[in-house]
Amino acid sequence: MAKHYTVVTNTRLKPRRSLLGLNLRKMKPGILITLLASTLLAATQGDTSERQLEAAIYKEEVLGDLSGAIKLYKSIAAPAARNRTAAATALLRMGECQEKLGEREAAILAYKRVAIGFSDQASIRAQARGRLQDLAPRNAQHEGPGFGVGTASFPVSVAAGKHLKYSGYIRTEGVSEGWAGLWWRVDGEPGTAALAFDNMHDRGATGTTPWTLYEIELDIPAGARNINFGVLHAGNGTAWFDTLRVELDRVPYADNTTFDLDFESSSPRGFYTGGKGYKVELDKEVAHTGKQSLRSRLVAGKSGQAPVPTR
């Protein structure tokens, strides 16, 4: 919405110091105009993402241009976005637009980005989770049976075009069906097959085993658009996960501001955890390093088979 400024002039008022303590009446017109322009510019600059968000909402709600709004929402929610509230709002509204256009899979991906990557935006995250729950029954045939999972989103700009080594320790008890493992997925444009994927379905932890190191190595394509990773438990029994590590071109990834790879926080920070029939939570009694680990336990029904997408 355009902002209107009204200037009221009263010639009877005595000269007063207003702008930075300067006497505006005695100031030369050229200097006054420059100062006023600079002040207005500083007042309107602020966070450009908020103005972009207003423009996107206008396109969506007033003009009905859903595709145009989606393009703006995508730019606001770019990985390097500084205004996290605006980014989370943009992703949520982008998902709503995609639903209206019948792009259900793309909408689910947008909502998942909010649920996984914006734990600091509680209200917006709750709305995204609500939309995911509403869409889940209609999407169940694509997602397959339930399995325990911990899912996080990795910054694409950091990993694209590099070689990945993702490792972590896993301990299992009574996993006689299925397996427990690490997983990493790289997606390109919405609606296309995964660019790279590994969930250790052919070499995961089974049976009852002590803490054991597992690794995934992948080349991350330069055309990556979204990266998710984490841990999964597609079987019965119980599995524990701890001491996750990421290396890119042999350089350890040390930024722990987004997610806690050691699970030492009060909650699984940066990870969405859950799964139909599974209870996935922190375990304060069992750990490989530190004082805690992430535990997944089948509590109801039969274990499901985690999907193995073709590339």
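The values are calculated or read from the model by the stated rules, or taken from the named source; none is laboratory data. Just so you know, these numbers come straight off a predicted model, no measurement behind them. Heads up, the Cβs are rebuilt from the backbone with ideal geometry, glycines too, and the neighbour counts pull from every protein chain shown.
Side notes on the structure shown:
- Of the strands (runs of 3 or more DSSP E) lying entirely inside the range 125-230, those carrying at least 1 residues that are over 22 Å from residue 269 (Cα atoms) and of a type in the set (A, V, I, L, M) are 163-187, 196-198, 205-219.
- Count of the range 237-259 residues which are at pLDDT 95 or above and either in contact with a strand residue (DSSP E or B) (Cβ under 9 Å, 6 or more places away or on another chain) or small (Gly, Ala, Ser) (or both): 16
- Pairs meeting the criteria (first residue in the range 158-170 and assigned by TED's automatic domain parsing to the domain that holds residue 205, second residue among the aromatic types (Phe, Trp, Tyr) and part of a loop (DSSP other than H, G, I, E, B), beta carbons under 8 Å, at least 6 apart or on different chains) are 158/253.
- When the range 106-124 is limited to residues that are part of a helix (DSSP H, G or I) and of a type in the set (Gly, Ala, Ser), the one that is nearest to residue 91 (Cα to Cα) turns out to be 110.
- Beta carbons closer than 7 Å, at least 6 apart along the sequence or on distinct chains, pair a first residue in the range 246-259 that is in contact (Cβ under 8 Å) with a residue 12 or more places away in the chain and more than 20 Å from residue 272 (Cβ to Cβ) with a second that is part of a loop (DSSP other than H, G, I, E, B) and aromatic (Phe, Trp, Tyr) for 247/253.
- Inspection of the range 118-126 finds a residue satisfying the criterion of being in contact (Cβ under 8 Å) with a residue 40 or more places away in the chain, surrounded by fewer than 20 Cβ atoms within 10 Å (Cβ to Cβ) and either more than 12 Å from the chain's Cα centre (by Cα) or closer than 16 Å to residue 273 by Cβ (or both).
- Filter pass, residue 225 being modelled with pLDDT under 95 and in the same structural domain as residue 107 (by TED's automatic domain parsing): no
- Residue count for the range 133-159, restricted to those that are modelled with pLDDT of 85 or more and out of contact with any Pro (no Cβ under 7 Å at 6 or more places or on another chain): 9
- Residues in the range 225-254 that are surrounded by fewer than 20 Cβ atoms within 10 Å (Cβ to Cβ) and more than 16 Å from residue 116 (Cβ to Cβ): 11 in all.
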